[in-house]
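Heads up: the structure comes next, in structure tokens.
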Amino acid sequence: MSADSFIALVERFPEHLSEAKLLGAGVKVQGVDKVVVAGIGGSAISGDLLKVYCSEKAPGLHVHVSRGYDVPAFADSRTLVLAISYSGNTEETLSAVKAAMRKGAKIVAITSGGKLMQQAEQLNKQVVAVPDGIQPRAAIPYLFLPLLNVLHNAGLIPDPSAEVSAAITSLKAAAANYKDRARSLAEKLVGKVPLIYSSDRMAGVAYRWKCEFNENAKVHAFSHAFPELNHNELVGYTKLNANYYAIVLEDEADSRRIRERMRLTREIIGNKGIPSTQIVIKGEHLLTRILSAVHIGDLTSVYLAKLTGVDPEPVTIIEDFKKQLGKVPFV
Ligand code: PA5
């Protein structure tokens, strides 16, 4: 895929959400009261977004994102393990499925194929099959929306369908505006190290921005959350060792105190010579705000790639790493 085709793919995020909105609607799981999302990288981020969503929609629900070879010790027969691997061939996720089996957890796989699809079929587990042939991180609509449908069917969250439709409508209407904002922010980020800050509640969204800068623009980027960052990261502005640019993601539902922290932090780091942009995330529903913030970040990262002459699509260094590790016996 050419760089421009990949950028066009990222720009079609709202259309992909439309295509994905019924994925997972046929999956039925009963008798569960907690959720583990097992995955890594571009597949795991959907679990982080689910956590953000559930913080408002099902505040009592325990949602844990497990990025590794195992599942947490609390996993049991009343735990729903959503194993997400876009390729279906990620060793950590395949291992986590085995661990979930040993715990007697209920397992649903979300994948475009590979060993995870085979493993799930052999074990007679339900599978959400997603379209193949794109980068895992670009498949986020197909990996995230099924989580909402599966959790709703399991009786863990309210019906998300009206909010999903509202989010898609809102994102389509704002498409041109988001592209303009992303282009203008990307111009400011050339030669900078992006630092993305949000409230603790929205940390999953800030982390998505970080990973998109890493994988699309091929630069270092870091995310952190308020209030915690005021108690450590802020001190790093005393002795600057890189060309930073802070991006503050303010959700309109963030508390007044958090917004005050954002304002004061920008003022303090501005006085140290660090430029920043505050993006206020607006929308009637939390889901609209999560998805619009993700979309603006994705766009910014691919536009930054374009501006710096980088092909946003391939992640050769990850693939090479996996190949080299694959030569070492997995015991
Ligand atoms: O974005 C990427 O390519 C990676 O972060 C992958 O998502 C990660 O390596 C895991 O692969 P998969 O999503 O296929 O399980």
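The values are calculated or read from the model by the stated rules, or taken from the named source; none is laboratory data. Model, not experiment: these values are computed from the prediction. With ideal geometry, Cβ positions are generated from the backbone for all residues, glycine too; neighbour counts draw on all protein chains shown. Side chains are part of the model used for accessible areas, which takes the heavy atoms of the whole protein and leaves out ligands, DNA and RNA. Shrake-Rupley method; radii C 1.70, N 1.55, O 1.52, S 1.80 Å.
Can you tell me which residue within segment 53-71, out of those that are free of Cβ contacts under 8 Å to residues at least 60 places away in the same chain and closer than 16 Å to PRO146 by Cβ, is farthest from the ligand (Cβ to nearest atom)? The extreme case among them is VAL63. Residues in segment 139-156 that are surrounded by fewer than 22 Cβ atoms within 10 Å (Cβ to Cβ) and under 13 Å from LEU82 (Cα atoms): ALA154 only. ASP180: surrounded by fewer than 16 Cβ atoms within 10 Å (Cβ to Cβ), part of a helix (DSSP H, G or I), free of Cβ contacts under 8 Å to residues at least 40 places away in the same chain and away from the ligand (no atom under 16 Å from the Cβ), yes or no? In short, yes.
Counting only residues that are touching a residue at least 12 places away in the same chain (Cβ under 8 Å) and either of a type in the set (Asp, Glu) or open to solvent by 10 Å² or more (accessible area, probe 1.4 Å) (or both), segment 205-224 holds 11 of them. Scanning segment 59-70 for residues that are buried (at least 16 other Cβ atoms within 10 Å of the Cβ) and either farther than 29 Å from ARG102 by Cβ or more than 15 Å from the chain's Cα centre (by Cα) (or both) turns up LEU61, TYR69, ASP70. Is it the case, given these coordinates, that LEU94 is buried (at least 24 other Cβ atoms within 10 Å of the Cβ), among the hydrophobic types (A, V, I, L, M, F, W, C) and not in a loop (DSSP other than H, G, I, E, B)? So LEU94 fails the test. Report whether or not GLU121 is modelled with pLDDT under 95, farther than 25 Å from ASP200 by Cβ and assigned by TED's automatic domain parsing to the domain that holds PHE13. Here the answer is yes, as GLU121 does meet what is asked.
Among the listed residues GLU284, GLU252, which satisfies the condition of being in contact with a strand residue (DSSP E or B) (Cβ under 9 Å, 6 or more places away or on another chain), over 23 Å from THR308 (Cα atoms), more than 16 Å from the ligand (Cβ to nearest atom) and open to solvent by 40 Å² or more (accessible area, probe 1.4 Å)?
On the way: GLU284 fails: in contact with a strand residue (DSSP E or B) (Cβ under 9 Å, 6 or more places away or on another chain).
The conditions single out GLU252.
The residue list ASP159, ASP200 contains one member that is open to solvent by 60 Å² or more (accessible area, probe 1.4 Å), within 18 Å of the chain's Cα centre (by Cα) and over 30 Å from SER5 (Cα atoms), which is ASP200. For the residues GLU215, GLU250, GLU313, the requirement of being acidic (Asp, Glu), more than 23 Å from MET202 (Cβ to Cβ) and under 20 Å from the mean Cα position of the chain (by Cα) singles out GLU313.
With within 16 Å of the ligand (Cβ to nearest atom), open to solvent by 40 Å² or more (accessible area, probe 1.4 Å) and of a type in the set (A, V, I, L, M) as the only criterion, which of ILE107, ILE84, ILE40, ILE45 stands out? Break it down into steps so the answer makes sense when it comes.
Numbers: ILE107 fails: open to solvent by 40 Å² or more (accessible area, probe 1.4 Å); ILE84 fails: open to solvent by 40 Å² or more (accessible area, probe 1.4 Å); ILE45 fails: open to solvent by 40 Å² or more (accessible area, probe 1.4 Å).
On inspection, the qualifying residue turns out to be ILE40.
When GLY133 is tested against the conditions (1) surrounded by fewer than 22 Cβ atoms within 10 Å (Cβ to Cβ); (2) within 11 Å of GLY39 (Cα to Cα); (3) not basic (Lys, Arg), the lone failure is (2). Output the qualifying pairs, or none if there are none: Cβ atoms under 7 angstrom, residues six or more apart or on different chains, first residue in segment 143-161 and modelled with pLDDT of 95 or more, second residue basic (Lys, Arg). Note: pairs meeting the criteria are LEU145/LYS21; ASN153/LYS28; ILE157/LYS57; PRO158/LYS57. Every listed requirement among (1) away from the ligand (no atom under 16 Å from the Cβ); (2) more than 30 Å from GLY326 (Cα to Cα); (3) in contact with a helix residue (DSSP H, G or I) (Cβ under 8 Å, 6 or more places away or on another chain) is met by LEU50 save one, (1). For segment 17-28, state whether one or more residues are touching a residue at least 40 places away in the same chain (Cβ under 8 Å), buried (at least 17 other Cβ atoms within 10 Å of the Cβ) and within 15 Å of the chain's Cα centre (by Cα). Yes, segment 17-28 contains at least one residue that is touching a residue at least 40 places away in the same chain (Cβ under 8 Å), buried (at least 17 other Cβ atoms within 10 Å of the Cβ) and within 15 Å of the chain's Cα centre (by Cα).
Return yes when SER292 is surrounded by fewer than 14 Cβ atoms within 10 Å (Cβ to Cβ), hydroxyl-bearing (Ser, Thr, Tyr) and within 24 Å of LYS51 (Cα to Cα) and no when it is not. Write out each step before concluding.
Values: surrounded by fewer than 14 Cβ atoms within 10 Å (Cβ to Cβ): no; hydroxyl-bearing (Ser, Thr, Tyr): yes; within 24 Å of LYS51 (Cα to Cα): yes.
So SER292 fails the test.
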